[in-house]
Amino acid sequence: QLQLQESGPGLVKPSETLSLSCSVSGGSISSPTYYWDWIRQPPGKGLQWIGRIDETGTTYYNPSLESRLTISVHTSNNQFTLRLTSMTAADTAVYYCARSPDDYGDGFDLWGQGTLVTVSS
Amino acid sequence: QSVLTQPPSVSAAPGQKVTISCSGSSSNIGNNYVSWYQQFQGTAPKLLIHDNDKRPSGIPDRFSGSRSGTSATLGITGLQTGDEADYYCGTWDSALSSVVFGGGTKLTVL
């Protein structure tokens, strides 16, 4: 059973850079039939798509975050990562990694448990 | 302000049927597939419906999805207290080049 697990700091200072990893276990991130996505949810609010990457390293970013965002795939250790610069309080959220099969119409069939990132000095 | 519009809340009695609407435009729902998610407090969302009306393995047939024009609907029959959760619709928006979600609907089973 494939599982996703986020890891990273729970607290980031304003203006600093957030780095999160998503470890994929029970399957290969190199499969050509999936996108690997990041989605976030501010406390008490709805879902916001951050961006995605495929096994070739091709990325698709939310235009509202694109200038601060880098998503990378690391096939050697079956992980993909998120890097978000110039963090502000508005970036405080639960960050989820998720998988989207390319025949699921952009539906996300697997999710990590999520990790809360708080931006505060 | 979400790109897709959902009612903030819906309610119905146990055993009854409820529908949750998701309204969009031609750049999103009108020309792309819709997915639906169930989220319990403090947990990750769970996929209920993809490609407008397809249920992943393990999702009971009490949950159904449909799309008409620029709107989509999630239906839940035989309501149970365990269905109380937040429900989100999502789709690709071709104008924004992003996946977009509705603001979520809180279901209360009275």
> Under 5 Å between amide H atoms, partner at least 5 residues away or on a different chain: which partners does A:Val12 have, H built in plane at 1.01 Å?
Replying inline: A:Thr118, A:Val119, A:Ser120
> Long-range amide H contacts for B:Asp93: which residues qualify at under 5 Å (H placed 1.01 Å from N, peptide plane, sequence gap of 5 or more or a different chain)?
Replying inline: B:Ser98, B:Val99, B:Val100
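Using per-residue counts of other Cβ atoms within 10 Å, averaged over each peptide, order B:12-18, B:95-101, A:75-81, B:50-56 from highest down.
On the way: B:12-18: 13.0, B:95-101: 19.6, A:75-81: 15.4, B:50-56: 18.0.
Those peptides, ordered most packed to least, come out B:95-101, B:50-56, A:75-81, B:12-18.
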> Each residue of the stretch B:5-14 in turn: what ³J(HN,Hα) in whole Hz from Karplus with 6.51, -1.76, 1.60 and θ = phi - 60°, glycine and Pro shown as x?
Replying inline: 9, 10, x, x, 8, 9, 8, 6, 7, x
> Looking at B:Gln38, B:Gln1, B:Gly104, which one has the Cα that reaches farthest to the positive end of the dipole of chain B (charges on Cβ: Lys, Arg +1; Asp, Glu -1)?
Replying inline: B:Gln38
> From the backbone phi of the stretch B:54-68, what are the Karplus-calculated ³J(HN,Hα) couplings (6.51 cos²θ - 1.76 cosθ + 1.60, θ = phi - 60°) in whole Hz, Gly and Pro given as x?
Replying inline: 9, 9, x, 4, x, 8, x, 6, 5, 9, 9, x, 8, 9, 9
>> Suppose R0 equals 45 Å. What FRET efficiency, 1/(1 + (r/R0)^6) with r the Cβ-Cβ distance, do A:His74 and B:Glu84 give to the nearest 0.05?
In response: 0.70
> Rounded, prolate or oblate: which fits the stretch B:54-99, taking a ≥ b ≥ c as square roots of the Cα gyration tensor eigenvalues, rounded meaning a/c under 1.5, else prolate when a/b beats b/c?
Replying inline: prolate
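Which links in A:Lys45/B:Lys46; B:Lys46/B:Lys106; A:Lys45/B:Lys54; A:Lys45/B:Lys106 stretch past 23 Å when you go from one Cα to the other? If you can, show how the numbers build up before the last one.
Details: A:Lys45/B:Lys46 17 Å; B:Lys46/B:Lys106 15 Å; A:Lys45/B:Lys54 27 Å; A:Lys45/B:Lys106 12 Å.
Flagged as over cut-off: A:Lys45/B:Lys54.
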>> How big is the protein assembly as shown along each principal axis, measuring the range of its Cα positions in Å and listing the largest first?
In response: 48, 40, 35
>> With only alpha-carbon pairs counted, each pair once and no self-pairs, how large is the Kirkwood hydrodynamic radius of the stretch A:47-97 in angstroms?
In response: 11.9 Å
> When you look at the Cβ of every residue in B:42-53, what mean number of other chain Cβ atoms sits within 10 Å?
Replying inline: 5
> Kirkwood hydrodynamic radius (Cα pairs, Å) of the stretch A:10-70?
Replying inline: 13.5 Å
> Over the Cα atoms of the stretch B:1-72, Rg to Rh with Kirkwood Rh, two decimal places?
Replying inline: 0.96
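Inverting the mean 1/r over all pairs of different Cα atoms, compute the Kirkwood radius of chain A and quote it in Å. Walk me through the numbers before you get to the answer.
Working: mean 1/r = 0.0698 Å⁻¹.
Taking every pair of different Cα atoms in chain A, averaging 1/r and inverting gives 14.3 Å.
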>> Quick check for you: which residues of the stretch A:4-46 have the amide N under 20 Å from the point 7 Å beyond the Cα of A:Ala89 toward its beta carbon?
In response: A:10-18, A:41-46
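Every number in this text was worked out from the coordinates using simple rules, so none of it is lab data. Here the structure is a predicted model, which is why all the values come from computation and not from measurement. In this analysis, Cβ positions are derived from the backbone assuming ideal geometry, glycine residues included, and neighbour counts consider all displayed protein chains.
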